[in-house]
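Asker: Take a look at this one; I'll ask things after.
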Amino acid sequence: MAEQYRLEMVGVSKTFPGVKALDGINLKVRPGTVHALMGENGAGKSTLMKCLFGIYKMDEGQIFIDGTKVDITNPDEALHKGLAMVHQELQPIPERSIAENMYLGRYPVKGFGPFKMVNHKAMNSEAEKWLKDVKMNFNPKAKLGTLSIGQMQSVEIAKAVSQNARLVILDEPTSSLTDNEVEALFRIIRDLKSRGVSMIYISHKMAEIRQIADDITIMRDGTYVGSWKIKDISDDEIVKQMVGRELTNVYPPKGDYRTDETVLKVTKLCSIHERSFQDCSFELKRGEILGFGGLVGAQRTELMEAIFGMRHIASGEIEILGKKRVIKQPRDAINDSVGMITEDRRGTGILGCLSIDDNTAIASYKNYTHFGKINKKEVDAVVKDSISKLSIKTPSGKTLIRSLSGGNQQKVIIARWLANNPDILIMDEPTRGIDVGAKYEIYQIMIDLVKQGKSIIMISSEMPELIGMSNRIIVMCNGHITGEVEDEEATQEKIMAYATQFI
């Protein structure tokens with residue numbers, strides 16, 4: 001094989017029961033370059049990378065690194081061959097320290113005669129060095145579970161950098177990072193490029209691809225579409241090649257379906273933790289899409305989790321449809337016709353060991369239970385209808401949800417709440433890690449829901465999405481609500497001004 005490539009994957013195919021995930025994929029990555037890998041959710045990007053990293057065994061195909069054919073049967077072999085991977089879905093061990101998570105499977109040891117033990121001093125020192133290299137001054141001895149999702153992502157990036165890999169796979173690495181953290185990551189990427197390290201960069205954010213990538217390969221439905229130098233292909237052409245059609249608008253016409261009826265009223269809600277949300281008050285109208293903006297750490301997610309019964313509150317009131325409610329657990333919120341799509345799809349969203357059927361129906365089994373027995377025919381009908389409406393790519397509802405792409409998993413979670421028919425739906429980063437085509441479908445679902453008189457609270461870290469989809473935007477900073485703007489007045493500058501207005 002030609003040695004001008006750091007990596008060459010030739011004719012890679014992979015089949016799961018009922019689904020051909022990859023069909024003869026080719027990928028060539030040059031030394032010291034960032035190679036963008038793009039495609040809709042379900043296109044097979046993550047599956048291809050898992051084949052490369054030895055997580056999946058490919059059915060057909062060959063892999064060459066620096067011109068030498070290699071067989072990679074597990075992640076340990078991949079690490080020893082100079083590969084590192086930052087996964088889209090984090091797999092943290094929250095009760096262990098940051099350093100222990102970074103050095104899992106490769107702990108430095110010290111010996112006392114025949115006995116070996118982990119050298120915690122060396123491990124903590126090395127971890128601290130690499131964390132500082134990515135501008136994350138965390139205490140390496142702190143429990144990983146004390147960090148936010150975005151901070152955990154930063155730790156994963158530091159872990160990959162610490163492995164001195166020749167090829168680093170970054171699967172949606174900036175999905176939970178602030179602008180400053182993204183810039184820190186890009187600085188690291190440029191530094192790695194200057195040292196001859198190659199990177200495969202999976203992202204749906206076109207601006208990032210333009211800023212950081214040298215080459216691009218596009219996949220569609222498990223097949224290879226083509227490869228280009230990034231300077232030789234336009235954004236419109238990238239989208240067209242990804243989805244197989246042209247998308248003329250990023251957001252559907254949202255309209256204004258609000259009424260004067262207040263469906264949710266939150267008054268002076270305070271967390272039991274002083275550094276979390278404090279003194280938060282707002283109202284949600286029927287038929288409204290209410291956006292919540294702010295930087296990572298603004299406590300938007302924590303506020304919504306408290307409303308949904310996932311966190312304890314110290315004081316304040318919640319009214320739903322004009323009646324005061326005491327919500328101590330998610331079941332209370334569900335009984336009051338509130339649903340929530342959480343930010344952490346893997347940790348608090350899907351039930352990976354269960355089928356699509358079970359994941360869809362789990363919040364609404366009571367609706368299909370008669371005399372203590374679940375009516376499977378009714379459940380199957382609802383699931384089948386949801387799969388069809390949301391264009392979920394799967395052979396059947398019996399398929400395990402963990403075998404789906406991230407975007408299709410997100411659609412199943414949306415289907416779960418549609419099946420429960422809530423009046424209020426909280427959507428925390430609903431399009432995180434989702435391609436442009438699937439985003440549009442989710443946006444359209446949101447519009448259809450408010451047309452039906454439902455109300456939506458949408459947390460988003462993407463300001464264009466907030467502005468494009470919200471009727472009104474509330475902005476938080478440091479646990480406090482710092483501003484509110486109507487959609488016609490909303491600009492990125494105004495939102496950012498409120499998002500940095502510390503109280």
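Asker: So which residues in segment 319-329 are out of contact with any Ser or Thr (no Cβ under 8 Å at 6 or more places or on another chain), buried (at least 17 other Cβ atoms within 10 Å of the Cβ) and not charged (D, E, K, R)?
Answerer: Selection gives ILE327 alone.
Asker: Here's another thing I want to ask about it. Please work out if ILE426 is of a type in the set (Val, Ile, Thr), surrounded by fewer than 20 Cβ atoms within 10 Å (Cβ to Cβ) and either outside the structural domain of LYS494 (by the TED database) or assigned to a strand (DSSP E or B) (or both).
Answerer: For ILE426, the condition - of a type in the set (Val, Ile, Thr), surrounded by fewer than 20 Cβ atoms within 10 Å (Cβ to Cβ) and either outside the structural domain of LYS494 (by the TED database) or assigned to a strand (DSSP E or B) (or both) - is not met.
Asker: Hey, another quick one. Taking the stated definitions as given, is GLU172 surrounded by 15 or more Cβ atoms within 10 Å (Cβ to Cβ), of a type in the set (Asp, Glu) and at negative phi?
Answerer: No.
Asker: Still on this model: May I ask you to list pairs of residues, at least six apart or on different chains, whose Cβ atoms are under 8 Å apart, with the first in segment 270-289 being assigned to a strand (DSSP E or B) and the second being aromatic (Phe, Trp, Tyr)?
Answerer: Taking only residues 6 or more apart or on different chains, the pairs are CYS270/PHE277; SER271/PHE277.
Asker: Here is a further query. Just to be sure, is VAL182 assigned to a helix (DSSP H, G or I), in the same structural domain as HIS35 (by the TED database) and in contact with a helix residue (DSSP H, G or I) (Cβ under 8 Å, 6 or more places away or on another chain)?
Answerer: Yes; evaluated as a whole, the condition is true for this residue.
Asker: Okay, moving on. Would you kindly identify the strands (runs of 3 or more DSSP E) lying entirely within segment 437-503 that contain at least 1 residues that are crowded, with 17+ Cβ neighbours inside 10 Å and without any contact (Cβ under 8 Å) to a residue 24 or more places away in the chain?
Answerer: So the answer is 480-486.
Asker: Scan segment 161-184 for residues that are under 24 Å from GLY39 (Cα atoms) and either in contact with a Pro (Cβ under 6 Å, 6 or more places away or on another chain) or small (Gly, Ala, Ser) (or both) and jot them down.
Answerer: SER175, SER176
Asker: Only one of these is assigned to a loop (DSSP other than H, G, I, E, B) and either under 27 Å from the mean Cα position of the chain (by Cα) or not aromatic (Phe, Trp, Tyr) (or both): TYR224, TYR251. Name it.
Answerer: The conditions single out TYR251.
Table: residues versus (1) at positive phi; (2) among the small types (Gly, Ala, Ser); (3) modelled with pLDDT of 85 or more.
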{"position": "SER198", "(1), (2), (3)": "no, yes, yes"}
{"position": "LYS205", "(1), (2), (3)": "no, no, no"}
{"position": "ARG220", "(1), (2), (3)": "no, no, yes"}
{"position": "MET242", "(1), (2), (3)": "no, no, no"}
{"position": "GLU246", "(1), (2), (3)": "no, no, no"}
{"position": "TYR251", "(1), (2), (3)": "no, no, yes"}
{"position": "LEU269", "(1), (2), (3)": "no, no, yes"}
{"position": "SER281", "(1), (2), (3)": "no, yes, yes"}
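Asker: Within segment 3-13, is even one residue touching a strand residue (DSSP E or B) at 6+ places or on another chain (Cβ under 8 Å), touching a residue at least 40 places away in the same chain (Cβ under 8 Å) and closer than 15 Å to TYR201 by Cα?
Answerer: Checked segment 3-13: at least one residue is touching a strand residue (DSSP E or B) at 6+ places or on another chain (Cβ under 8 Å), touching a residue at least 40 places away in the same chain (Cβ under 8 Å) and closer than 15 Å to TYR201 by Cα.
Asker: Would you mind stating whether ALA2 is touching a Lys or Arg at 6+ places or on another chain (Cβ under 8 Å) and either among the polar types (S, T, N, Q) or modelled with pLDDT under 90 (or both)?
Answerer: Considered against the rule, which asks whether it is touching a Lys or Arg at 6+ places or on another chain (Cβ under 8 Å) and either among the polar types (S, T, N, Q) or modelled with pLDDT under 90 (or both), ALA2 comes out as no.
Asker: Please state which one of LYS141, LYS193 is more than 24 Å from the chain's Cα centre (by Cα) and over 26 Å from LYS50 (Cα atoms).
Answerer: Of the residues listed, the single one that is more than 24 Å from the chain's Cα centre (by Cα) and over 26 Å from LYS50 (Cα atoms) is LYS141.
Asker: Answer yes if at least one residue in segment 207-214 is within 21 Å of GLU8 (Cβ to Cβ), part of a strand (DSSP E or B) and not aromatic (Phe, Trp, Tyr), and no otherwise.
Answerer: no
Asker: Just to confirm my filter: which strands (runs of 3 or more DSSP E) fall fully inside segment 17-132 and include at least 2 residues that are surrounded by 13 or more Cβ atoms within 10 Å (Cβ to Cβ)?
Answerer: 19-29, 34-38, 60-65, 83-86
Asker: Tell me yes or no: at least one residue of segment 292-312 is in a strand (DSSP E or B), among the aliphatic types (A, V, I, L, M) and surrounded by 15 or more Cβ atoms within 10 Å (Cβ to Cβ).
Answerer: No, there is no match, as no residue in segment 292-312 is in a strand (DSSP E or B), among the aliphatic types (A, V, I, L, M) and surrounded by 15 or more Cβ atoms within 10 Å (Cβ to Cβ).
Asker: Pick out the one residue from ILE98, ILE63 that is aliphatic (A, V, I, L, M) and more than 27 Å from LEU404 (Cα to Cα).
Answerer: Step by step, each of ILE98, ILE63 is checked, and only ILE98 is aliphatic (A, V, I, L, M) and more than 27 Å from LEU404 (Cα to Cα).
Asker: Just one of the numbered conditions (1) at pLDDT 80 or above; (2) within 22 Å of MET38 (Cα to Cα); (3) of a type in the set (D, E, K, R) is not true of ASP423; which one?
Answerer: Result: ASP423 fails condition (2) only.
Asker: Which of the residues belonging to segment 1-48 are under 22 Å from the mean Cα position of the chain (by Cα) and within 14 Å of SER198 (Cα to Cα)?
Answerer: The answer is VAL34, HIS35, ALA36, LEU37.
The values are calculated or read from the model by the stated rules, or taken from the named source; none is laboratory data. Since we're looking at a predicted model, the values are computed, not measured. Don't worry about glycine lacking a Cβ; one is built from the backbone with ideal geometry, like all the others, and counts go over all protein chains shown.
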